[in-house]
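Take a look at the structure set out below.
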Amino acid sequence: MRGDASSMTLLRPRSVEEALLLYAASPRAIPLAGGTDFMVAWNAGEANGRTILALSRLSPWKRITETKTGIRIGALVTHREIQVHPGIRRRLPLLAEACATIGGSQIQARGTLGGNIANASPAGDTFPPLAVYEARVRLRSVGASRTLPLLEVFAGVKKTALAEGELIDSIEIDFPRLPARQSFRKVGTRAASAISKTVAAGLLFLSSDGRIREVRFALGSMAPTVRRLSSAEALLAGKKPTSRLVAEAVDLLEHDVSPIDDLRSTRAYRLEVSRNLLRAFLSTG
Amino acid sequence: MIELTVNRKKRRYFGPPFKRLLDVLREDFKLTGTKEGCGEGECGACTVLLDGEPVNSCLVPVMQAEGSRVETVESLQASSRLSPLQQSFLEEGGAQCGICTPGMLMTAVAHVRGGGPADRQSVRTALAGNLCRCTGYQHIVTAVVETAKREKKRRARAR
Amino acid sequence: MASVGTSSRRKEGPEKLTGEARYIDDYPLEGALHGVTLRSKVARGTLREIRFDPSFDWSSVVVATASDIPGDNSVLLIEKDQPLLASRDLNHREEPILILGHADRAKAYEALEHIEVVCDEEKPVLTMEEALANGDVFKRFEIVKGDLEAGFREADVVVEGEYRVPHQEQAYIETNGVAAWEEEDGTLVIMGSMQCPYYVHKAMLGLFPRAPEKIRVIQTTTGGGFGGKEEYPNLIAGHAAVLALKAKRPVKIVYDRAEDMRATTKRHPARIRHRTGVKKDGTLVAQDIDVLMDGGAYVTLSPVVLSRGVLHATGTYECPNVRVVGRVIKTNTPPNGAFRGFGAPQTLFAAEMQVEKIAARLGLDALAVRRKNLFREGSVTATGQVLKESVGARDVLDRAVALSRYLPRRKECERWNRRKAAPSWRGVGLAAVFHGAGFTGSGEAYLKSRAAVSLLPNGDIEVEAASTEIGQGTTSILASIAADALEVPYDWIRVSTPDTAKVPNSGPTVASRTCMIVGGLLKRSADELRRALEREGVEWPPTPSALKRAARRLCLDGRPFGFVQEYEPPSDIRWDDATYRGDAYCVYGYAAMVVEVEIDKLTYEVTVKDVVTAQDVGKAVNPLFVEGQIVGGTAQGLGYALLENVIFDQGAMANANFTNYVIPTTLDTPEVRVEIVEKPYSLGPFGAKGVGELPMDVPAPAVAAAIHQATGLFLTELPLLPERISKAIHDRAHRQS
């Protein structure tokens, strides 16, 4: 263990406003939510001497607010809280499912949705569900706020589009229509407590005549950031899902992702499995 | 100064607020029962209960536990008697080298206290964040299942 | 009530369950420095200069280098080639160069960042093939039986196969850790996580010469070993000691997970080639086997690993004509070492897969081929050993096959796999193995192990042995053996801490020898103690007060009263180290396993659905513990088969953390149905043989055989990752099109 606690500077705001002010004054401070990502690096001695902006006292960001049309999840809500929330389980089941696959129960109890997004790992398990649910991320800084679609928040491997002094306030999701088909699947390095090799979420909406009204399919661990398969989605919209069309859509998958060989898996495997998952999703029924 | 409740006693900690809860427990409060296995939040050997929930104490700076209730393996036994869960581990062979045992017990006790399902698969799912290299888990699962069953019976009788 | 054969409570169980058991990092050690290790970043080179950053405050730091070693700068195991600290030649990444200490652990690690190592880099040898081409062979063995060429002439079919197995990381949940200090009387004390206190003692004598009683090594509660703490502690103990002697303060070194994975020993990777001559009915007539292992940069225990590997290379089968050639070579990688099975899991994977291949070639079920050739009483092994007794090979095979319903389930899987619409492939696979108990051939005679059961001054009875508890149940089973030998209750028996100041050298806790060899010594010692006490007028079975009275009379000067027994090899064991012929091990354990897998057609993920195993251990001294060893070893074997992939990058482990080196969780290990078979060994205490390693040998080939049935793929390299299954399926489709 190489972390040096005595070397750290700690900022502990008691309110959101105070947090934003402190962050504006110390833009190189590291915002800390649940710590499940950051503390791993800290334990390895990679953040000694840094300033930490501790967010754990900001209770407004720990709330889940449900309305008739959607849900707002505070940045500091944990993966455990999300997966047990009745409204999320009923209306956004893919998100609930994803939260239940992140690490073991100990990680789910501490890791937060906002922290996960800010960490911007290419392998974030909640990101494909958030992408197909077209989540929006509300950002706040001193005296300002803005809302970005989730996909615009991610800028690269562990990089976000957050400006200096900006913190994630909450994640908003409008409840989708009831889909004809929905699926979440994580292919990990083992059965539990694993990093994904590829992770997929899909929503399929059908018209009354059996055509595809809309399909949304997202993949994680297949590119520096989560990706929607826009090429395949565009091809499928408004058409009848014949096996020939499905095959064409599956061929287009490669256009929207760029998987690599790394310590956990290979490009070839990731592509093949993602194609299989997409094909299975489109062919079920 | 950070105040927190550890094993039902109010404790005060005066050191750097970013010290890990794991190290505060082991070094400042001399509760060495909780172990470090990886420092990555993967093995669960450092599991303690934070406000009743199992967490990896190697990933919690102590300031995040301010005002909270922490329970460690040392809280399980009643003076010199092993708790029902500990006794079950002893009878079923749930501990071999013992290094994963404190963390395993804390995750298990939360599952039992929370009225978690007593079937083997649910227990395995609850313990998926605790690695053991010695037992292959089978005897651990038996110990927790037996304890959960007995606890459910006890609660049913009490009602 | 008898203790042997019952599941007595683990002696040290309560303190492990309450958190009171103390592992090395639980000891506070007043005034101690935290020691950290500066390691080579190059795989091969020459050390030129060590530069300390002048702007860093070195006043609170103590540094020890090779020049601070008073004795021989080598870590003694078999050869003296491994330095404790590199002084000139660098032979692998992570090679230790210096140790530094600071009262604050984080500051010690920070100091490391302020040291620059200047060296001339050379091109390292990183592959086995390259090492072989250079002739960098640490050791070679050859085993010959019969007439190989004559055997091949008799064969109807010749089958060739090549198999590869990777490194495997022991991944004990407690990392390596040791503390050292010098007492006022000049005794060097070493305390820590280890399997073999006397190995450490011998190594320290070479490094820090002094009278043997001036070195004291104490094993602390150890959080798993699996062989990874058999020889490695010699190195880390030397590091702690050299710094402690320099600083004149206690030093504690505890590795974090990344350092432990990168720098310490692993299972030897191997390439094994088989050329087998068989008759049409599956009878073996010729086995020509080549075993190549990667020892890493220094010899350490490689010759012994290779030895056990070649002695198991034929598999559990009798064949009249055999040649096994084994070589272990040197590469510029961290030295490999002991890991449960110690060469046998590697060569038995190959041997079993070769049987699978032969069966497929002949159109026979692999079970039939095994039944044709499997050892029985009277069989002759490749070294010419006649298996005279305790041969449970066919018993375990029959039990595993019956319990698992192997044949009908194979048929069910065949039917399932014909369904094109099925979401998965299913397969059932079988493997059968053997494992020599105790040290090889002359090894036990060379060790001359000693142990005693003694009466203490207060009337307690104590087991005195250097055998260590590392989770497998040593303390409890040795107590059981002593208790039953004396016909006293299990609870009356204490077991001494393995402390070289207090216990005789009963040898290392390895090689599945503890129960059989050390237990055997203790039984003899207990028998002698009983006879002596009966001569003193103690009526048997004794009462506690009778023992107290006897102790007052017999424990002179407050010393224990007992009879240390020294190992005597069985009179009918003959072994020739020069020709590698004779009785390689005094007895063998046997295991068979049937595994069912399900493979997802979309993702190629392999799920192990069911495991059935029967294992012959001679006598289960503690059945619960035997089952625990079998299930635990099965989990490690399944990890070896499916999940555990040590990825090397430029000569060091690149995935040195639990996130990326994947070991099984609760959801990766199925329920294992265990049947314990007992074919007693006449010279084992109460008939016991060994059980520690046997379970490790059998899962990987059983899984590979199951995958073979499920997919038709004959995969020859571990781990059997989904990526490799996917690629193999595509390569096959490509070839067929």
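Per-residue answers, yes or no, for (1) within 11 Å of the chain's Cα centre (by Cα); (2) closer than 20 Å to A:Leu32 by Cα:
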| residue | (1), (2) |
| --- | --- |
| A:Ala120 | yes, yes |
| A:Tyr133 | yes, no |
| A:Arg140 | no, yes |
| A:Thr147 | no, no |
| A:Val153 | yes, yes |
| A:Pro176 | no, no |
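Is it the case, given these coordinates, that A:Val199 is part of a helix (DSSP H, G or I) and in contact with a Lys or Arg (Cβ under 7 Å, 6 or more places away or on another chain)? No: the conditions fail for A:Val199.
Here is a yes/no grid of residues against (1) in the same structural domain as C:Pro670 (by TED's automatic domain parsing); (2) out of contact with any Ser or Thr (no Cβ under 9 Å at 6 or more places or on another chain):
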position: C:Gly562; (1), (2): no, no
position: C:Val594; (1), (2): yes, no
position: C:Glu605; (1), (2): yes, yes
position: C:Lys609; (1), (2): yes, yes
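Here C:Val453 fulfils each of the conditions (1) aliphatic (A, V, I, L, M); (2) surrounded by fewer than 23 Cβ atoms within 10 Å (Cβ to Cβ); (3) over 20 Å from the mean Cα position of the chain (by Cα) apart from (2).
Taken together, A:Ala29, A:Ala47, A:Ala75, A:Ala41 contain a single residue that is surrounded by fewer than 17 Cβ atoms within 10 Å (Cβ to Cβ) and hydrophobic (A, V, I, L, M, F, W, C), which is A:Ala41. Listed conditions (1) surrounded by fewer than 19 Cβ atoms within 10 Å (Cβ to Cβ); (2) more than 16 Å from A:Arg181 (Cα to Cα) are all met by A:Arg213, apart from (2). Against the list (1) away from chain B (no Cβ under 14 Å); (2) touching a strand residue (DSSP E or B) at 6+ places or on another chain (Cβ under 7 Å); (3) at pLDDT below 95, the condition A:Leu204 fails is (3). Quickly run through region C:633-660 and pick out the residues that are within 10 Å of chain B (Cβ to nearest Cβ) and in contact (Cβ under 8 Å) with a residue 24 or more places away in the chain. Residues satisfying the conditions are C:Gly633, C:Thr634, C:Ala635, C:Gln636, C:Gly637, C:Leu638, C:Gly639, C:Asn657, C:Phe658. Against the test of being surrounded by fewer than 22 Cβ atoms within 10 Å (Cβ to Cβ), part of a helix (DSSP H, G or I), away from chain A (no Cβ under 14 Å) and in contact (Cβ under 8 Å) with a residue 60 or more places away in the chain, the options B:Glu74, B:Glu91 yield a single qualifying residue, B:Glu74. The number of residues in region C:603-632 being among the aliphatic types (A, V, I, L, M), over 15 Å from C:Arg673 (Cα atoms) and within 13 Å of chain B (Cβ to nearest Cβ) comes to 1. Counting only helices (runs of 4 or more DSSP H) that sit wholly inside region A:1-101, those with at least 3 residues that are more than 18 Å from the chain's Cα centre (by Cα) are A:16-25, A:38-43, A:86-91. Scanning region A:255-276 for residues being touching a residue at least 12 places away in the same chain (Cβ under 8 Å), over 17 Å from A:Thr225 (Cβ atoms) and either in contact with a Phe, Trp or Tyr (Cβ under 9 Å, 6 or more places away or on another chain) or acidic (Asp, Glu) (or both) gives a total of 2. Of the numbered criteria (1) part of a loop (DSSP other than H, G, I, E, B); (2) within 11 Å of chain B (Cβ to nearest Cβ), the one C:Tyr681 fails is (2).
Looking only at region B:47-62, how many residues end up being assigned to a loop (DSSP other than H, G, I, E, B) and more than 9 Å from every other protein chain (Cβ to nearest Cβ)?
Step one: list which residues in region B:47-62 are assigned to a loop (DSSP other than H, G, I, E, B), which gives B:51-52, B:60.
If we keep only those that are more than 9 Å from every other protein chain (Cβ to nearest Cβ) as well, we get B:51-52.
Adding up the residues that qualify gives 2.
Considering only residues in region C:53-78 that are touching a Pro at 6+ places or on another chain (Cβ under 9 Å) and under 22 Å from C:Gly295 (Cβ atoms), the one that is surrounded by the most Cβ atoms within 10 Å (Cβ to Cβ) turns out to be C:Val75. Figure legend. Inter-residue proximity from region A:227-247: first residues at negative phi and without any contact (Cβ under 8 Å) to a residue 40 or more places away in the chain, second residues in a helix (DSSP H, G or I) and of a type in the set (Lys, Arg), beta-carbon distance below 7 Å, spacing 6+ or different chains. Indicated pairs: A:Val246/A:Arg279.
Only one entry in C:Arg327, C:Arg394, C:Arg409 is surrounded by fewer than 24 Cβ atoms within 10 Å (Cβ to Cβ) and free of Cβ contacts under 8 Å to residues at least 40 places away in the same chain, namely C:Arg394.
When C:Lys11 is tested against the conditions (1) of a type in the set (D, E, K, R); (2) buried (at least 19 other Cβ atoms within 10 Å of the Cβ); (3) assigned to a helix (DSSP H, G or I); (4) more than 7 Å from every other protein chain (Cβ to nearest Cβ), the lone failure is (3). Applying a threshold of 8 Å to beta carbon distances and a minimum spacing of six or more residues, or different chains, the list of pairs starting in region A:106-118 at a residue that is within 9 Å of chain B (Cβ to nearest Cβ) and without any contact (Cβ under 8 Å) to a residue 24 or more places away in the chain and ending at one that is assigned to a helix (DSSP H, G or I) and crowded, with 24+ Cβ neighbours inside 10 Å reads A:Gln106/B:Thr107. Among the residues of region C:127-145, is there at least one that is over 26 Å from the mean Cα position of the chain (by Cα) and among the aromatic types (Phe, Trp, Tyr)? Within region C:127-145 (the criterion being over 26 Å from the mean Cα position of the chain (by Cα) and among the aromatic types (Phe, Trp, Tyr)), the answer is no, since none of the residues qualifies.
Criterion applied to C:Arg340, C:Arg371, C:Arg308 was being of a type in the set (Lys, Arg) and touching a strand residue (DSSP E or B) at 6+ places or on another chain (Cβ under 8 Å), and the one residue passing it is C:Arg308.
Residue-level analysis places C:Tyr590 among those that are touching a helix residue (DSSP H, G or I) at 6+ places or on another chain (Cβ under 9 Å), under 25 Å from C:Lys145 (Cα atoms) and not in a loop (DSSP other than H, G, I, E, B).
Being within 14 Å of chain A (Cβ to nearest Cβ), under 22 Å from C:Ala21 (Cα atoms) and of a type in the set (Gly, Ala, Ser) is a description that does not apply to B:Ala65.
Determine, yes or no, whether C:Leu33 is away from every other protein chain (no Cβ under 11 Å), on the phi > 0 side of the Ramachandran plot and either surrounded by fewer than 16 Cβ atoms within 10 Å (Cβ to Cβ) or over 26 Å from the mean Cα position of the chain (by Cα) (or both). Before the answer, list the steps.
Working: away from every other protein chain (no Cβ under 11 Å): yes; on the phi > 0 side of the Ramachandran plot: no; either surrounded by fewer than 16 Cβ atoms within 10 Å (Cβ to Cβ) or over 26 Å from the mean Cα position of the chain (by Cα) (or both): yes.
When the stated conditions are applied, C:Leu33 does not pass them.
Taking the listed residues C:Asn321, C:Asn332, the one that is under 19 Å from C:Phe648 (Cα atoms), modelled with pLDDT of 95 or more, assigned by TED's automatic domain parsing to the domain that holds C:Phe375 and polar (S, T, N, Q) is C:Asn332, with no other qualifying.
The values are calculated or read from the model by the stated rules, or taken from the named source; none is laboratory data. The structure displayed is predicted, hence computed values, not measured ones. Note that we place each Cβ from the backbone using ideal geometry, even for glycine, and neighbour counts take in every protein chain shown.
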